[in-house]
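One structure is given below, encoded as structure tokens.
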Amino acid sequence: MQVTFKVYRKEPGKDAKPAYSNHTVELDGDATVMDGLLKIRDEQDATLAFRAACMRGYCGECMIRANGKTCTSCTSKVSSFTQKSPEVTVDPVRHMPVLKDLVSDWQSFMWDKVDRIKPWLEPVEPGADGESLLPESAMADIRKTMSCYYCGLCDEGCTVLPVDFDFIGPAALMKANRLIYDPRDTITRERFKLAEGPRGLWDCVHCFEASEHCPRGIMPTERIMAMRDKAFQMGIQNDSAARHHYSFAKSVKKSGWLDEGRLAIESAGLTNIKGLAKLVPIAAKALRRGKAPIPYIHHKSPGSAQVRRIIQKAEEKNR
Amino acid sequence: MKYAFYTGCVSRGGCPELYTSANKVAGRLGIEMEEMKDVACNGAGVLPQYLSDPINARTFAKAERMGHKSLMTICSTCTGVMGAANMRFKDDPAYREKINKEYLADEGLEYKGSLEVKHLLWVLFEDYGIDKLKGEVKRPLTGLRVSPFYGCFMRRPAEVVTPTKEYAGRKSYLENLISAVGAELTDIAGKGKCCGFPILTANEANSLAMTAKHTGEAREKGAHCMVTPCPLCHLNLDGNQDRAAKQAGSEIDLPILHLPQFVGLALGFTPEELELKRHIVSTKEVETQVNMLA
């Protein structure tokens, strides 16, 4: 089949606007996008830059966007992109600086953040035989996270990173997860502190994009939420997240329902004059528009006593 | 069609207009809702699962006892959090039994795992029928350009939202609804992304940047308004839009309609009846368009 690739091009260090180069090549029916890129480089333009390593969809090195869809080019069939027209537009992955053509700066986007959480085990002193043996069941929980190969697809799909490049991102949080849940690790509290920020664990919006993007089924979003639960349980939180969580739980415990007015005030912090002052115009506008009744009354659920009993019991069991 | 109606916190708090409009629309369409008053917040993804699961089991047990097969919500977050909890209870009877025994037995309750959690949007398509809804339209919203905004939990995770192929359509219900009531779809890339609300206290700047991004995109593409099935999104997209626009250095002023308000306009209710005046961003633009159709 004859296919025309429209490939994103950018020269390093040059301010000139990125452009596209067109390459028409002859490919087998089952060719991958990577086959196409290799053919272009071999036959038409030796200066085309892209990454490739394992060539079997494991390492994530060759991630690009084909017709707007993020994929590993080594496993994505060209034919799946040419159903409507024999053209495939190839772009670098989103949200990170492009070094040249399809090669992006993963170092600042992901690896520096993985480094941030001390990506190695700090184990207990090994036994006399030099080993820290564990039953398999003790590792079951992190087997899945251990299978992460840092392809970065979760970071690419993340909804926070496009607005904040310095957010730690789900990939680095999965490294934290792998270590926090390892029974041999001795620095859980420190690890949580490293993971939480600034711009860490509590800045995740739990939008489930990371889980949807993960090719290994690691479910980063669910794990991030579980890590928050664990931090909550262990009392390890930064001030703002802690205030928000405790106020939320207190409200549900008291009345069954969430008291949004109180939550806003308590999340800002009762002694945080600047934060509270910022709420005044918002509250004034909301009241003017009839967003909340005047005087402000939060109603109790008739079942609030039962809900309180359940929460107290669950807290005791999980202490 | 009869449902146990779970109002959620926001429709009884920060967005009373959602409660009013949902009741009006359901009433007009003959969707019977029995409001659950004796229940609690589902945790909204903020409370840890070990607290929220028992609370949700209690809610489900109550709905079962009321004789319902489906629990209807009017909030994406409620749908997602309760849907995920329900999935755990259905998939793992031993876990359900444990929760029943440890937390519900004291009150003489038991959740048998028979319930389905559905958002009003899903009810309209899967139970009521979009063609039937079309037949009820009294005021086709011709010329009104509308952008959809789902809220994360109406899109993901797949296990809850689209557990089988049969439910694949859930990812385009809003677009189909906009066209069905005669309005014009102004599609945006950010329709399935996060509005930023969950991190409003943890990182306000990022939260507002997300709100500005999505409302700004709709505005740039020429939308008159946005419609969302999630009141938490509404709190950010409407309630914080002016601050978000200021931070982004732009003017946006995009009215954000709750799902039942939007449907209600097509059913012939007036903007006053649907309490559009309670919004923070002025809805004048929508009212002008709608009044031209009246």
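Every read-out reported here was derived from the displayed coordinates using simple, explicitly stated rules and does not represent laboratory data. All of these numbers come straight from a predicted model, not from anything done at the bench. With ideal geometry, Cβ positions are generated from the backbone for all residues, glycine too; neighbour counts draw on all protein chains shown.
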(request) Compute the FRET efficiency between A:Glu131 and B:Glu34 as 1/(1 + (r/R0)^6), taking r as their Cβ-Cβ distance and R0 = 56 Å, and round to the nearest 0.05. (result) 0.35
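Where the only charges are on Cβ atoms (+1 Lys, Arg; -1 Asp, Glu), what is the dipole of chain A about its Cα centre, to the nearest 20 debye? Before the final figure, lay out the partial values.
Numbers: 48 positive and 41 negative charges, 415 e Å.
So the dipole magnitude of chain A works out to roughly 2000 debye.
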(request) Would you calculate a helix-derived [θ] at 222 nm for chain A, using -39,500 (n - 2.57) for each DSSP H run of n ≥ 4 and dividing by the full residue count, to the nearest 500? (result) -12000 deg cm²/dmol
(request) Set Lys and Arg Cβ to +1 and Asp and Glu Cβ to -1, take the dipole of the stretch A:2-104 about its Cα centre, and tell me which of A:Thr75, A:Met96, A:Leu27 lies farthest positive. (result) A:Met96
(request) Wrap a convex hull around the Cα atoms of chain A, take a quarter of its surface area, and give that in square nanometres. (result) 24.6 nm²
(request) Can you grab the distance from the C-alpha centre of the stretch B:1-52 to the C-alpha centre of the stretch B:205-262, Å, no decimals? (result) 23 Å
(request) Give me the lysines in straight-line cross-link reach of A:Lys278: C-alpha distance below 20 Å, same-chain residues under 8 apart excluded. (result) A:Lys291, B:Lys246
(request) Find which of A:Ala292, A:Ser211, B:Met1 sits farthest along the positive direction of the dipole of the protein assembly as shown, computed with +1 on the beta-carbon of Lys and Arg, -1 on that of Asp and Glu, about the Cα centre. (result) A:Ala292
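Kindly flag which residue pairs out of A:Lys69/B:Lys171; B:Lys171/B:Lys213; A:Lys14/A:Lys69; B:Lys193/B:Lys277; A:Lys6/B:Lys165; A:Lys118/A:Lys313 have an alpha-carbon separation exceeding 29 Å in this structure. If you can, show how the numbers build up before the last one.
Numbers: A:Lys69/B:Lys171 17 Å; B:Lys171/B:Lys213 21 Å; A:Lys14/A:Lys69 27 Å; B:Lys193/B:Lys277 27 Å; A:Lys6/B:Lys165 33 Å; A:Lys118/A:Lys313 36 Å.
Those over the limit are A:Lys6/B:Lys165; A:Lys118/A:Lys313.
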(request) Relative to the longest principal axis of the C-alpha atoms of chain B, give the angle of the C-alpha long axis of helix B:76-91, reported between 0 and 90° and rounded to the nearest 10°. (result) 30 degrees
(request) Taking the Cα atoms of the stretch B:155-240, report the difference between the largest and smallest coordinate on each principal axis, in whole Å and largest first. (result) 39, 32, 19
(request) Once you've got the GNM for chain B with C-alpha springs shorter than 10 Å, pick whichever of B:Gly239, B:Gly268, B:Gly13 has the biggest mean-square fluctuation. (result) B:Gly13
(request) Please give every one of the aspartates and glutamates within straight-line cross-link reach of B:Lys98, meaning a C-alpha to C-alpha distance under 14 Å, and leave out same-chain neighbours fewer than 8 residues apart. (result) B:Asp53, B:Asp106, B:Glu110
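State the Kirkwood hydrodynamic radius of chain B in Å, one decimal place, computed from all pairs of distinct Cα atoms. Working shown, then result.
Numbers: mean 1/r = 0.0516 Å⁻¹.
Hydrodynamic radius (Kirkwood, Cα pairs) of chain B is 19.4 Å.
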(request) May I ask you to list the residues of the stretch A:1-31 whose amide nitrogen lies under 20 Å from a point 7 Å from Cα along the Cα→beta-carbon direction of A:Asp42? (result) A:1-7, A:22-31
(request) For helix B:204-220, report the angle its Cα long axis makes with the longest principal axis of the Cα atoms of chain B; keep it between 0 and 90° and round to the nearest 10°. (result) 50 degrees
(request) Hey, can you grab everything whose amide H is under 5 Å from the amide H of A:Val88? Only 5+ residues off in sequence or another chain; H modelled, so Pro and N-termini drop out. (result) A:Thr4, A:Phe5, A:Lys6
(message) Let's test this: bin the Cα-Cα distances of the protein assembly as shown at 20 Å from zero up to the farthest pair and state each bin's percent.
(response) 18, 50, 29, 3, 0
(message) For the stretch A:17-78 and the stretch A:214-241, what is the centre-to-centre distance using only Cα atoms, to the nearest Å?
(response) 36 Å
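Determine the equivalent ellipsoid of the stretch A:253-318 by diagonalising the alpha-carbon gyration tensor, then write out the semi-axes as square roots of 5 times the eigenvalues, largest first, rounded to whole Å.
On the way: eigenvalues 163, 59, 8 Å².
Each semi-axis is the square root of five times an eigenvalue, giving 29, 17, 6 Å.
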(request) Between B:Asp127 and B:Asp92, with labels modelled 7 Å along Cα→Cβ, what's the label distance in nm to one decimal, could you check? (result) 2.8 nm
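Compute the FRET efficiency between B:Glu184 and A:Ala283 as 1/(1 + (r/R0)^6), taking r as their Cβ-Cβ distance and R0 = 25 Å, and round to the nearest 0.05.
Numbers: r = 36 Å, r/R0 = 1.43.
That gives a FRET efficiency of 0.10.
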(request) Let me see the pair-distance distribution of the stretch A:2-104: every alpha carbon pair, 10 Å bin width, integer percents in order. (result) 16, 53, 28, 3
(request) Go ahead and estimate [θ] at 222 nm for chain B from helices alone: -39,500 (n - 2.57) per DSSP H run with n ≥ 4, summed, over the residue count, rounded to 500. (result) -12500 deg cm²/dmol
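Among the listed pairs A:Lys250/A:Lys300; B:Lys90/B:Lys112; A:Lys254/B:Lys90; B:Lys62/B:Lys118, which have their C-alpha atoms separated by more than 18 angstrom in this model?
Details: A:Lys250/A:Lys300 13 Å; B:Lys90/B:Lys112 9 Å; A:Lys254/B:Lys90 29 Å; B:Lys62/B:Lys118 16 Å.
Distance filter (> 18 Å) returns A:Lys254/B:Lys90.
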(request) Compute the Rg to Rh ratio over the stretch A:125-243 from the alpha carbon atoms, using the Kirkwood formula for Rh, and round to two decimal places. (result) 1.00
(message) Kirkwood hydrodynamic radius, the stretch B:51-110, all distinct C-alpha pairs: what's the number in Å?
(response) 11.8 Å
(request) Please give, to one decimal in nm, the separation of the simple spin-label points placed at A:Ala138 and B:Ser250, each 7 Å out from Cα toward the Cβ. (result) 5.4 nm
(request) Report Rg(Cα)/(2.2 N^0.38 Å) for the stretch B:1-79, keeping two decimals. (result) 1.09
